[in-house]
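I have placed the structure first, in the form of structure tokens, so that the comments after it can refer back to it.
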Amino acid sequence: QEIKQWYNGYRWGGREVTSVYNPFDVLLLFQEQEFGPYWFESATPTFLVDILKQRGVFTPSLDHWETEYELLSQFDVDQISTEGLLFQTGYLTIQQVEEPLLGYRQYTLGFPNREVETSLNHALLPSLGVENAPRERRTLFRHLSQHDLDGLETHLKALYAGLPHDWYRNNPIARYEGHYASVFYSHFAALGLDVTVEDASHHGKVDMSVDFGGHIYLFEFKVVEQLPEGTALAQIKH
């Protein structure tokens, strides 16, 4: 089951798609006798991280990206869509194909497996303004493993307090809302946790659940300047 979660999940073809294991990862797993991001480490995706940063990609949407075949089949590097680039380089794969009208297909993309989701978000964190991401991950893991909610709250506040001011100074609110949601999601996803994004959009909203150590953590984000305080908690309880 762990091998399946880490290395299976690549899909191509029509509506009936079969998942495929990454053979490079599986062979190295058998050779090294331990799990690792072997495929991801075989080439540092610096250019990809730079493009995602330039385009302001909302990272919670990466695991549920809706698109069409025309955008996936682009090959002009200067004009390629973000989803086309991620799909053709193997960072996203086809999760679902629907044909609501004959000849018109809608595709849903997502991470193929745990290796890619963890590794890509790990690489994105520095570009999102998170300094010393390994230290921050250790702190996050410690609070979650101890189910220390007060410590987790303090940690997350400190994480946001450390973001560069340029992310919210002289920027429209929609942009930095999305950035803060991206930091939150990528911080958890980079740790390799079981993260589920329930409602992702490019407008900066994200509802997220995390399954860790027998505890389910539910997160709801609201902008307090736009909604009364307590609205997020009330929505979770409802």
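The values are calculated or read from the model by the stated rules, or taken from the named source; none is laboratory data. Predicted model, so just to flag it, every value in this text is computed and none were measured. The area values use the complete protein model at the heavy-atom level, side chains included, leaving out ligands, DNA and RNA. Shrake-Rupley method; radii C 1.70, N 1.55, O 1.52, S 1.80 Å.
How much length is gained if the chain between GLU2 and GLU41 is pulled fully straight, taking 0.36 nm per residue apart and subtracting their Cα-Cα distance, in nm to one decimal?
Between GLU2 and GLU41, full extension yields 12.1 nm more.
Separation of segment 86-131 and segment 35-84 by C-alpha centroid, Å?
Cα centroid of segment 86-131 versus Cα centroid of segment 35-84: 7 Å apart.
Using a 1.4 angstrom probe with every protein chain in place, what is the largest-first accessible-area order of PHE184, PHE87, PHE221?
Heavy-atom accessible area, descending, gives PHE221, PHE87, PHE184.
Quick check for you: with a 1.4 Å probe and neighbouring chains kept, what is the accessible area per residue of the chain, in Å²?
Numbers: 13590 Å² over 238 residues.
Ligands and nucleic acids excluded, the result is 57 Å² per residue.
From the backbone phi of segment 121-133, what are the Karplus-calculated ³J(HN,Hα) couplings (6.51 cos²θ - 1.76 cosθ + 1.60, θ = phi - 60°) in whole Hz, Gly and Pro given as x?
5, 4, 5, 7, 4, x, 6, 8, x, 8, 8, 6, 4
Calculate log10 I(q)/I(0) of segment 8-76 for q = 0.17, 0.25 Å⁻¹, where I(q) comes from the Debye formula with a single equal point scatterer on each Cα and nothing for solvent.
For segment 8-76, the Cα-only Debye profile gives -0.99, -1.21.
Length gain on complete extension for the stretch GLU68 to THR231, per 0.36 nm per residue less the alpha carbon to alpha carbon distance? Working shown, then result.
Values: separation 163, 0.36 × 163 = 58.68 nm, distance 3.55 nm.
Separation in residues times 0.36 nm, less the Cα-Cα distance, equals 55.1 nm.
Give me the accessible area of GLU2, 1.4 Å probe, in Å² rounded to the nearest 10.
So the heavy atoms of GLU2 present about 100 Å² to solvent.
For the chain, what is the convex hull (Cα atoms) projected area averaged across all directions, in square nanometres? Show your work: numbers first, answer last.
Numbers: hull surface 61.1 nm².
Taking a quarter of the hull surface, the average projection is 15.3 nm².
Based solely on its DSSP helices, what 222 nm [θ] is calculated for the chain when runs of n ≥ 4 H residues each add -39,500 (n - 2.57) and the sum is averaged over all residues, nearest 500 deg cm²/dmol?
Values: 11 runs with 101 residues, N = 238.
It comes out at -12000 deg cm²/dmol, rounded to the nearest 500.
Please work out how much accessible surface ILE51 shows to a 1.4 Å probe, ignoring ligands, DNA and RNA, in Å² rounded to 10.
My reading of the accessible area for ILE51 is about 40 Å².
Among LYS53/LYS237; LYS157/LYS237; LYS53/LYS157, which pairs are too far apart, with a Cα-Cα distance over 26 Å?
On the way: LYS53/LYS237 35 Å; LYS157/LYS237 23 Å; LYS53/LYS157 23 Å.
Going by Cα-Cα distance, LYS53/LYS237 fall outside the 26 Å limit.
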